[in-house]
Amino acid sequence: MKLSLALAALAGLALGHPSREVQPRAEGTITYIDQETGFTFSEYKAAFTLTANIVFRFALPSNAPSGPYNAVIQAVVPNQLGWIGLAWGGNMVRNPLTVAYPNGQKATVSSRWATGHSTPVAYTGATYTLLNTGNRVNGSHWQFTAKCAGCTTWTGSSGSVRINPNGGNRLAFAYSTGKASQPSSNTSSIPVHDTPNYFTNDFSQGLNPNFDALLQKNGVFDTGAVFVDGPL
């Protein structure tokens, strides 16, 4: 089993909550205001067929410090996909990997790390906390919304890396129609992904001046950032 990470082109995806574009599309990114959680997200729609997308959304604090800071990631995924993965550093190796798969009425979010083109291992340098809202499975899609502490800074192959909250950053993703072997476990094995690919997300379109207050509104009261240098 391997975990690399993937993309295709843009297509439309009907979602259950209204959105509003407040800036023109840049690098494929729009601003999405989530009426359910209250967060403003930068949104990228990654198509894996001509008619279906994986929607990735990212919310960051507008006053992010120069070091580690928290992020909120939300993804809306068609039910035909058994798992998705996102690489924060734009490739498989030596950066935080967010892996998720449906589990009953919610999704399991798994933190992983790879040191080469081999099976990624559990990564404690990034931790995820599901919000009380924004998590569901319905007849067409599954969705998760989680705070990540440790996704925005890490030590990669070339030294320290930090997600720039005020501009574009290259990300990568992958997916598979195969299902996780143990959906309730965040260390479950997963089938081999389909073709990996990449996109640039403009994180400046998802800045939130009331980031910590919105986390607390959505049931996350530990707002401190965590940074661990590599997997444990």
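The values are calculated or read from the model by the stated rules, or taken from the named source; none is laboratory data. Quantities reported herein were computed from a predicted structural model and do not represent experimental measurements. Ideal geometry is used to build each Cβ from the backbone, glycine not excepted, and the neighbour counts take in all protein chains shown. Surface accessibility is based on the protein's heavy atoms, side chains included, excluding ligands, DNA and RNA. Shrake-Rupley method; radii C 1.70, N 1.55, O 1.52, S 1.80 Å.
Odds and ends about this structure:
- Which listed residue is open to solvent by less than 20 Å² (accessible area, probe 1.4 Å), modelled with pLDDT of 95 or more, of a type outside the set (D, E, K, R) and more than 15 Å from the chain's Cα centre (by Cα), from G28, G125, G38: G125
Table: residues versus (1) at pLDDT below 95; (2) buried (at least 24 other Cβ atoms within 10 Å of the Cβ); (3) closer than 30 Å to G159 by Cβ; (4) acidic (D, E).
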position: R57; (1), (2), (3), (4): no, yes, yes, no
position: L60; (1), (2), (3), (4): no, yes, yes, no
position: V72; (1), (2), (3), (4): no, yes, yes, no
position: N79; (1), (2), (3), (4): no, no, no, no
position: G89; (1), (2), (3), (4): no, no, yes, no
position: V93; (1), (2), (3), (4): yes, no, yes, no
position: Y101; (1), (2), (3), (4): no, yes, no, no
position: V109; (1), (2), (3), (4): no, no, yes, no
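- Some residue of segment 184-204 being farther than 24 Å from Q105 by Cβ and part of a helix (DSSP H, G or I): yes
- Top-ranked residue of segment 67-109 - restricted to ones that are of a type outside the set (A, V, I, L, M, F, W, C) and free of Cβ contacts under 8 Å to residues at least 40 places away in the same chain, ranked as farthest from C148 (Cα to Cα): Q105
- Residues that are polar (S, T, N, Q), open to solvent by 40 Å² or more (accessible area, probe 1.4 Å) and modelled with pLDDT of 95 or more, drawn from segment 139-171: S140, T155, S160, N164, N166
- Meets criteria (of a type in the set (A, V, I, L, M) and within 20 Å of T177 (Cβ to Cβ)) for L86: yes
- The single condition among (1) closer than 19 Å to W113 by Cβ; (2) surrounded by fewer than 21 Cβ atoms within 10 Å (Cβ to Cβ); (3) at pLDDT below 95 that N197 does not satisfy is (1).
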